[in-house]
Structures are given as structure tokens and as C-alpha cells.
Amino acid sequence: MINFLLDLISNLIILAVLLTACCVINWMRPDAKPNGYLVFVVFVAIALLFDAALTFLVFADSQARYGKFSTVQAFIPRLAAYVTACGIAIGLSRMRSRKAAGRADARTVIRASPSAN
């Protein structure tokens, strides 16, 4: 359980760093609109592929030294941490888009016809 929590915390720290970097990029270049949540999901997908390759190909080849890392029981908590972090990122992204849509609706201006004056 502690490994899952440590993996989840490290993934959330990476999410915070990516979101901060995307905010800085948006501040420096308003025309560029990187989505930090999407960048994080892609980053986690790539990390998951590398983690699976290490677990089942590299560590499995040297059981004497890395046997505890090459088991499915060791991989499942890391997989759960990756999936949970992606779920949190997608949830935060949806909350942000709903909030932005609410702000856009609040800015709606109704123009009166010229004959009303």
C-alpha cells in the first residue's frame, strides 16, 4: 500500500510541475495553448510503457538481482497509481472546462434593437 501511495504522490507532483510549466508557457506566449492535462496523460502513457518493458523484459531477465521488481504483484500497484493519477488529471480537466464554459455563458451580452432607443 505504501508503494502505491508513494507512486501516486510522485505522479501528482509530476502533474503539478507540468501544469505549472504549461501555465508559464501560456503566460509567455498567449497564442500557444498547451493543455497540461493532456500532456500529463500522454507522459504517463509513455512512462507506463517503459515501466512495463522494464518490469517484464529487463528485470525478468535477471531474476537473481531484480526478482522482486519483475513480478506482476510489484507491477499492479504502479499500474494502479498511473491509472489513478490519469483519472485525477482527466477529472480536473473536465472541472476546468466546465468552469470555463460557465464563465463564457456569464459573459453573454444581449444587444437591444436600435428601435428601442
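The values are calculated or read from the model by the stated rules, or taken from the named source; none is laboratory data. None of these values were measured; they are calculated from a predicted model. FYI the Cβ positions are ideal-geometry reconstructions off the backbone, even for glycines, and counts take in every protein chain you see. Heavy atoms of the whole protein, side chains included, go into the accessibility calculation; ligands, DNA and RNA do not. Shrake-Rupley method; radii C 1.70, N 1.55, O 1.52, S 1.80 Å.
Relative intensity of the chain on a log10 scale, I(q)/I(0) at q = 0.11, 0.13 Å⁻¹, equals -0.53, -0.66, per a Debye sum over C-alpha point scatterers of equal strength in the absence of solvent.
When a 1.4 Å probe is rolled over the protein heavy atoms, the share of accessible surface on the range 3-74 that falls to carbon and sulfur comes to 74 percent.
Accessible area per residue for the chain is 75 Å², calculated with a 1.4 Å probe on protein heavy atoms, without ligands, DNA or RNA. Using C-alpha pairs below 8 Å separated by at least 6 residues, the relative contact order for the range 1-99 is 36 percent.
The residue list Ala45, Ser93, Phe75 was ranked by how far each Cα lies along the charge dipole of the chain toward its positive end, using unit charges on Cβ atoms, and Ser93 comes out on top.
Using the rule -39500 (n - 2.57) for each DSSP H run of four or more residues, divided by the residues of the chain, the 222 nm mean residue ellipticity is -25000 deg cm²/dmol. Full extension of the chain segment joining Ala16 with Asn3 gains 2.7 nm, where the gain is 0.36 nm per residue of separation less the Cα-Cα distance.
Computed extension gain for Met28 through Ile46, at 0.36 nm per residue and net of the alpha carbon distance, reaches 3.7 nm.
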